[in-house]
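A.B. asks: Questions regarding the structure given below will be posed in turn.
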Amino acid sequence: NDSMEKYAAASFADARNSSTNKKKSIAASLRIAHGVAEALPLASNSADAVVCTLTLCSVLDPAKALAEIRRVLKPGGSFLFIEHVLSDERSLRAQQIALDGLQAKLADGCHLNRQTLASIENAGFARIETV
C-alpha cells in the first residue's frame, strides 16, 4: 500500500534515532518493495524481516503469499504479522461468514471468513508466536 510508505519510513527513522539505539552501532536499512504478495520482487533468502499488516485477508492466494514470504526470508528471519481471523466464537463466526461478501466489496477484497492463523501455522514457518 503506497500510502503506508511514509509511515514506515518515519517509524524506521524514529527507531534508528531512539536513545536505546544511539548506544549501539545500527547498520540497518529499510527497503520498501512494491509488488503483489504472491510474487514478491525480492531474491530468495534476501529479507531479514517481512511485515504483513491486514494483508492476508485480501490477497488472491494466501497460501502462495505465505510461500513467497518464506522464500524471501533469510534463514532465521522474522515474519511479523497483524491479521484478523475467523472467530472461534460461534455467533461472531456466523456474522463474519454472513457479512463476508459485503465486506469484500466494501473493503478492497478483505475477507472476514479466512482462517488466516491456520494458514500461517500450515505454511511451514519454524516457529510461530501469537500474542
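The values are calculated or read from the model by the stated rules, or taken from the named source; none is laboratory data. Treat the numbers as computed from the prediction; the structure is a model and nothing was measured. Positions of Cβ are generated from backbone atoms using ideal geometry, with glycine treated the same way; all protein chains shown enter the neighbour counts. Each accessible area value is taken on the protein alone, full model and side chains, heavy atoms only, with ligands, DNA and RNA left out. Shrake-Rupley method; radii C 1.70, N 1.55, O 1.52, S 1.80 Å.
A.B. asks: Give the residue that is nearest to residue 54 (Cα to Cα), with candidates limited to residues of the stretch 77-92 that are without any contact (Cβ under 8 Å) to a residue 12 or more places away in the chain and either among the hydroxyl-bearing types (Ser, Thr, Tyr) or in contact with a Leu (Cβ under 6 Å, 6 or more places away or on another chain) (or both).
C.D. replies: Taking the stretch 77-92 and keeping what is without any contact (Cβ under 8 Å) to a residue 12 or more places away in the chain, we get 87-92.
If we keep only those that are either among the hydroxyl-bearing types (Ser, Thr, Tyr) or in contact with a Leu (Cβ under 6 Å, 6 or more places away or on another chain) (or both) too, we end up with 87, 91.
Values: 87: 15, 91: 22 Å.
Checked the stretch 77-92; the qualifying residue nearest to residue 54 (Cα to Cα) is 87.
A.B. asks: Here's a check for you: in the stretch 54-68, which residue that is more than 11 Å from residue 111 (Cα to Cα) and free of Cβ contacts under 8 Å to residues at least 40 places away in the same chain is least open to solvent (accessible area, probe 1.4 Å)?
C.D. replies: For the stretch 54-68, the residue satisfying everything is 65.
A.B. asks: Still on this structure, I have one more. List the pairs whose first member sits in the stretch 105-119 and is under 14 Å from residue 83 (Cα atoms) and among the hydroxyl-bearing types (Ser, Thr, Tyr), whose second member is modelled with pLDDT under 95 and outside any loop (DSSP other than H, G, I, E, B), and whose Cβ atoms are under 9 Å apart, counting only residues at least 6 apart or on separate chains?
C.D. replies: Filtered contacts from the stretch 105-119: 116/81.
A.B. asks: Go through the stretch 41-67 and count every residue that is touching an Asp or Glu at 6+ places or on another chain (Cβ under 7 Å) and either under 13 Å from residue 119 (Cα atoms) or of a type in the set (Asp, Glu) (or both).
C.D. replies: Residues flagged as touching an Asp or Glu at 6+ places or on another chain (Cβ under 7 Å) and either under 13 Å from residue 119 (Cα atoms) or of a type in the set (Asp, Glu) (or both) within the stretch 41-67 amount to 6.
A.B. asks: What's the total number of residues in the stretch 33-51 that are more than 16 Å from residue 78 (Cβ to Cβ), over 13 Å from the mean Cα position of the chain (by Cα) and either among the acidic types (Asp, Glu) or surrounded by 12 or more Cβ atoms within 10 Å (Cβ to Cβ) (or both)?
C.D. replies: 1
A.B. asks: Another question, then. Condition (residue is within 25 Å of residue 29 (Cβ to Cβ) and of a type in the set (S, T, N, Q)) applied to the stretch 89-100: is it met by at least one residue? Write out each step before concluding.
C.D. replies: Restricting attention to the stretch 89-100, the residues satisfying the condition of being within 25 Å of residue 29 (Cβ to Cβ) are none.
Checked the stretch 89-100: no residue is within 25 Å of residue 29 (Cβ to Cβ) and of a type in the set (S, T, N, Q).
A.B. asks: While we're here: Looking only at the stretch 97-112, how many residues end up being within 21 Å of the chain's Cα centre (by Cα) and open to solvent by less than 80 Å² (accessible area, probe 1.4 Å)?
C.D. replies: 8
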